[in-house]
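Read through the structure below, which is laid out as C-alpha cells, and then see the notes.
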Amino acid sequence: MAADVDKRIPEEEKKIAPQNGKQSPGSRSWICRGMWTWVVVCAVPLFAFGIKYYQDAQLLKRHEESVRTLGAEGLFLFSSLDTDHDFYLSPEEFKPIAEKLTGITNPADFEEEAIHDPNGETLTLEAKMQPLLLDSMTKSKDGFLGVSHSSLSGLRSWKSPVVPSSSFSASQFRVFLPPKNKIEVGDTWWVIPSELNIFTGYLPNNRYHPPTPRGREVLIHSLLSMFHPRPFIKTRFAPQGAVACIRASNDFYYDIIFRIHAEFQLNDIPDFPFWFTPGQFTGNIVLSKDASHVRLFHLYVPNNRSLNVDMEWLYGASESSNMEVDIGYLPQLELQSAGPSTPSVITDEQGNIIDRRDSSNEPIQFVFEEIHWTSEISQEEAARRMEVTFYPFKKVSYLPFSEAFDRAQAEKKLVHSILLWGALDDQSCSGRTLRETVLESSPVLALLNQSFISSWSLVKELENLQQNPALSEKARLHLEKYSFPVEMMVALPNGTIVHHINANFFLDQTAMKPEEEEATFSFSGGFEDPSTSTYISFLKEGLEKAKEYLAQ
C-alpha cells in the first residue's frame, strides 16, 4: 500500500508540474485576449482624439489657404455666404451673389396655405403673461433718468395678452411637420429660413407695423399676435427665423421641438419705435404625421436666466436717430393648449351627425390613448442641435461657470470665459457683435476646441455666485476684470485671469486700416480678416502667459 502511494506521488507531481512551471496554451490565449482588449479600449479614445485634432488642424489649414488666395476682404465676403463654414459654397449659399449680379430674385419658396377642413379638429390655445419687471432694467437704477415717458409708454401699458384664448384648425400646425428628407429623430430644419446676409444687412429700425406674413409665417404670426398686435416674424438682426427638431417619433406621431426668433414693436405713432426682443421663443408640439390631430402645443419665452429680453428704442423718426439699449427680465410669456384637438362634427353609434359647435348639444368627453415613442432623444439634446443650426459657434460647447473650471482641471486646459451684460445667444448688441465677427469663425472654433474649455456668464449671475463658497473667489476674480459691455478672458482652472480684452478695445483694434492691421497682427504670416486674427492672437497670448500651468 505504501509502495503504491509512493508511486502515485511522482505521477501527481508530474501532472502538477506543467501547471507550476509552464502556462498551458489555454491560459496563454486568455492573457493575449485580455491584453488585446486593454489595447483596444485605450486606443479608441486616443483614435477619436486624433481624428478631432486632425479635423481642427485641417480647418486651420483651409483658413490659411483662403487668406492667401482671397485676402481679408475677399475672405470676409466668402465667409458671410458660407453659412455652414465648410469653406465650400453650395448653390443655395451662392444664391445671394447670383441675385445681386443678375438683378433677378427668385420668388421665396413659400408653401401655399392649406385648405382647412371646416369639420376637422380644432385646438384651443390659452395665452399667459407676467409683464417685464421694470426694476430689472439697468435704466431703473437711476430712476430712468433721461428716458422720456413716451419712450416707455408701450412697455408700461403691456400688462397682459391681447387675446387670452383662441381656436385654431389642427391642420394649420402642419407648418411644423418635417420636410421629406428630415424624418429621423434628431434631424433639424428651417421652418422659417433666415433671409439676412451681407447684402441685406440689418433690417431698418424705424418701423411700426410688420409686413404681411406669407406661407409658414402666417401661423407663427397668428400665434404671437395673441400676445401683442405687432409681432415681427423677421427680426432686424441675426439670428432670424425658426428651426425645429424631431425629438421623438412612432408610426403615427411626432414630438417636435422648435425655436423661434421674433420681436414686437410696442410703440405706435406718434411715439418713436420701441423694440422688444425676447432671447428666444421655444416649445414643442405633439401632432399626428398627417397633422389631423394635435395632442399638445406649448410655446414660451425661457425664464431660467436672470435677463431674457433685449430692448431698443429710438429718439427720433429717422434711421440715424439716437438709440437707447437696455435689457430686462420677463417672468412669463406663454401659449399652452387647453387640451388635445377635437373634432367639431362627430357621428354617434346610431349614425346621427352631432355638431359640437351647436350649444344645444350635450358636451362630449373624449378619451385619448397614451402615446409610446419608438425612437427619441432628450429635450436637451434636441435643443443643442437647434442651437448649432442657429449658431455655428455653438459647435464649441459653452459650459456653465460652475462646471467649466472642473472640466478644465480634469483636461489640463485653460478656460475661455466671456462675461457679458446681456446673453451671448440673444439679440443684444454685445452678443451679436461677438457671434458675427469672431466666434463663428472656423479657425477660432478650431483653436477653442483644441486648447480651451469655454464658458459664458452674465454679470448678474456672477454677482449672485459671490455667496457661493466654492465659486465666490473665481466669480470675484472675473468681476474685477470686467468692463462694460463684454469682457473676454483666459483663466487658469483655479480662476486666475492670465489675459483679458474688452469688446470695445477689441473692436477698435479690428477697425484699423488694412496696412496697419498687417503690421500689427499676423496669423500664419498672412493678411486676413482682422477680427479673426485679433481674436486668435488674444487666445495664443493667453496660452503663452499660462505656459507654467500647461507645463505641469
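Six or more apart or on different chains, Cβ under 8 Å: which pairs go from a residue in the range 441-467 that's closer than 12 Å to Leu60 by Cα to one that's open to solvent by 10 Å² or more (accessible area, probe 1.4 Å) and at pLDDT 90 or above? Could you list them?
Taking only residues 6 or more apart or on different chains, the pairs are Leu447/Lys540.
Taking into account only those residues within the range 64-90 that are within 14 Å of Pro443 (Cα to Cα) and open to solvent by 40 Å² or more (accessible area, probe 1.4 Å), which is modelled with the highest pLDDT?
This residue is Glu65.
Could you figure out which of (1) open to solvent by 10 Å² or more (accessible area, probe 1.4 Å); (2) in contact with a helix residue (DSSP H, G or I) (Cβ under 9 Å, 6 or more places away or on another chain) isn't true of Asn250?
Asn250 satisfies all of (1) open to solvent by 10 Å² or more (accessible area, probe 1.4 Å); (2) in contact with a helix residue (DSSP H, G or I) (Cβ under 9 Å, 6 or more places away or on another chain) except (2).
I'd like to verify a number: residues in the range 292-322 that are over 27 Å from the mean Cα position of the chain (by Cα) and either open to solvent by less than 50 Å² (accessible area, probe 1.4 Å) or farther than 23 Å from Leu224 by Cα (or both), how many?
As a first pass, look at the range 292-322 and keep what is over 27 Å from the mean Cα position of the chain (by Cα): 292-293, 314-322.
Of the ones still in play, those that are also either open to solvent by less than 50 Å² (accessible area, probe 1.4 Å) or farther than 23 Å from Leu224 by Cα (or both) are 293, 314-322.
Number satisfying all stated conditions: 10.
Show the residue pairs meeting these rules: Cβ distance below 8 Å; 6+ apart or different chains; first residue within the range 382-397 and under 20 Å from Val185 (Cα atoms) and touching a residue at least 40 places away in the same chain (Cβ under 8 Å); second residue open to solvent by 40 Å² or more (accessible area, probe 1.4 Å) and not in a helix (DSSP H, G or I).
Thr389/Trp190
One residue is enough: does the range 253-262 have a residue meeting the conditions of a type in the set (Gly, Ala, Ser), assigned to a loop (DSSP other than H, G, I, E, B) and touching a residue at least 12 places away in the same chain (Cβ under 8 Å)? Can you show your working first?
Initial filter on the range 253-262 (of a type in the set (Gly, Ala, Ser)): 262.
Now restrict to residues that are assigned to a loop (DSSP other than H, G, I, E, B): 262.
Still in the running and touching a residue at least 12 places away in the same chain (Cβ under 8 Å): 262.
Scanning the range 253-262, I find at least one residue that is of a type in the set (Gly, Ala, Ser), assigned to a loop (DSSP other than H, G, I, E, B) and touching a residue at least 12 places away in the same chain (Cβ under 8 Å), so the answer is yes.
Please go through the range 174-183 and give me each residue that is of a type outside the set (A, V, I, L, M, F, W, C), at pLDDT below 95 and either in contact with a strand residue (DSSP E or B) (Cβ under 8 Å, 6 or more places away or on another chain) or open to solvent by less than 50 Å² (accessible area, probe 1.4 Å) (or both), ordered by number. Explain how you work it out, then say what you get.
Initially, the range 174-183 is screened for residues of a type outside the set (A, V, I, L, M, F, W, C), giving 174, 178-182.
Of the ones still in play, those that are also at pLDDT below 95 are 179-182.
Result: Pro179, Lys182.
Taking helices (runs of 4 or more DSSP H) that fall entirely within the range 474-552, which contain at least 3 residues that are modelled with pLDDT of 90 or more? Working first, answer last.
Numbers: elements: 503-510, 514-520, 530-545, 547-550.
Counting at least 3 such residues, we get 530-545.
For the range 223-244, which positions are of a type outside the set (A, V, I, L, M, F, W, C), under 19 Å from Trp190 (Cα atoms) and either outside the structural domain of Leu299 (by the TED database) or crowded, with 20+ Cβ neighbours inside 10 Å (or both)? Don't jump to the end; show me each part of the working.
First, pick out the residues of the range 223-244 that are of a type outside the set (A, V, I, L, M, F, W, C): 225, 228-231, 234-236, 239-241.
From what is left, the residues that are under 19 Å from Trp190 (Cα atoms) are 234-236, 239-241.
The answer is Thr235, Pro239, Gln240, Gly241.
For the range 154-185, what are the residues that are closer than 21 Å to Arg295 by Cβ, in contact (Cβ under 8 Å) with a residue 60 or more places away in the chain and aromatic (Phe, Trp, Tyr)?
Correct list: Phe173, Phe176.
Could we say that Leu132 is on the phi < 0 side of the Ramachandran plot, open to solvent by less than 80 Å² (accessible area, probe 1.4 Å) and at pLDDT 85 or above here? Please lay out each step first, then the result.
Numbers: on the phi < 0 side of the Ramachandran plot: yes; open to solvent by less than 80 Å² (accessible area, probe 1.4 Å): yes; at pLDDT 85 or above: yes.
Answer is yes for this residue.
Has the range 215-222 got at least one residue that is open to solvent by 30 Å² or more (accessible area, probe 1.4 Å) and part of a loop (DSSP other than H, G, I, E, B)? Before you say what the answer is, go through the steps one by one.
If we filter the range 215-222 for residues that are open to solvent by 30 Å² or more (accessible area, probe 1.4 Å), which is where we start, we get 216, 218, 221-222.
Okay, now just the ones that are also part of a loop (DSSP other than H, G, I, E, B), so 216.
Yes: the range 215-222 contains one or more residues that are open to solvent by 30 Å² or more (accessible area, probe 1.4 Å) and part of a loop (DSSP other than H, G, I, E, B).
If only one of Ser167, Ser157, Ser171 is among the hydroxyl-bearing types (Ser, Thr, Tyr) and open to solvent by less than 40 Å² (accessible area, probe 1.4 Å), which one is it? Spell out how you get there, then give the answer.
Details: Ser167 fails: open to solvent by less than 40 Å² (accessible area, probe 1.4 Å); Ser157 fails: open to solvent by less than 40 Å² (accessible area, probe 1.4 Å).
Residue meeting the stated conditions: Ser171.
Can you report the number of residues in the range 310-340 which are in a strand (DSSP E or B) and out of contact with any helix residue (DSSP H, G or I) (no Cβ under 9 Å at 6 or more places or on another chain)?
Step one: of the range 310-340, the residues in a strand (DSSP E or B) are 310-314, 323-329, 332-337.
Narrowing further to those that are out of contact with any helix residue (DSSP H, G or I) (no Cβ under 9 Å at 6 or more places or on another chain): 314, 323, 332-334, 336-337.
Of the residues in that region, 7 qualify.
Residue by residue, here is whether (1) of a type in the set (S, T, N, Q); (2) in contact with a Phe, Trp or Tyr (Cβ under 7 Å, 6 or more places away or on another chain); (3) modelled with pLDDT under 95 holds:
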site: Pro270; (1), (2), (3): no, no, yes
site: Gly283; (1), (2), (3): no, yes, no
site: Leu287; (1), (2), (3): no, yes, no
site: Ser318; (1), (2), (3): yes, no, yes
site: Asn322; (1), (2), (3): yes, yes, yes
site: Asp326; (1), (2), (3): no, no, yes
site: Leu330; (1), (2), (3): no, no, no
site: Leu333; (1), (2), (3): no, yes, no
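The values are calculated or read from the model by the stated rules, or taken from the named source; none is laboratory data. A quick note: this is a predicted structure, and the numbers were derived from the prediction, not measured. Glycine also receives a Cβ, built like all others from the backbone with ideal geometry; neighbour counts cover every protein chain displayed. What goes into the accessible areas is simple: the full protein's heavy atoms, side chains included, and nothing from ligands, DNA or RNA. Shrake-Rupley method; radii C 1.70, N 1.55, O 1.52, S 1.80 Å.
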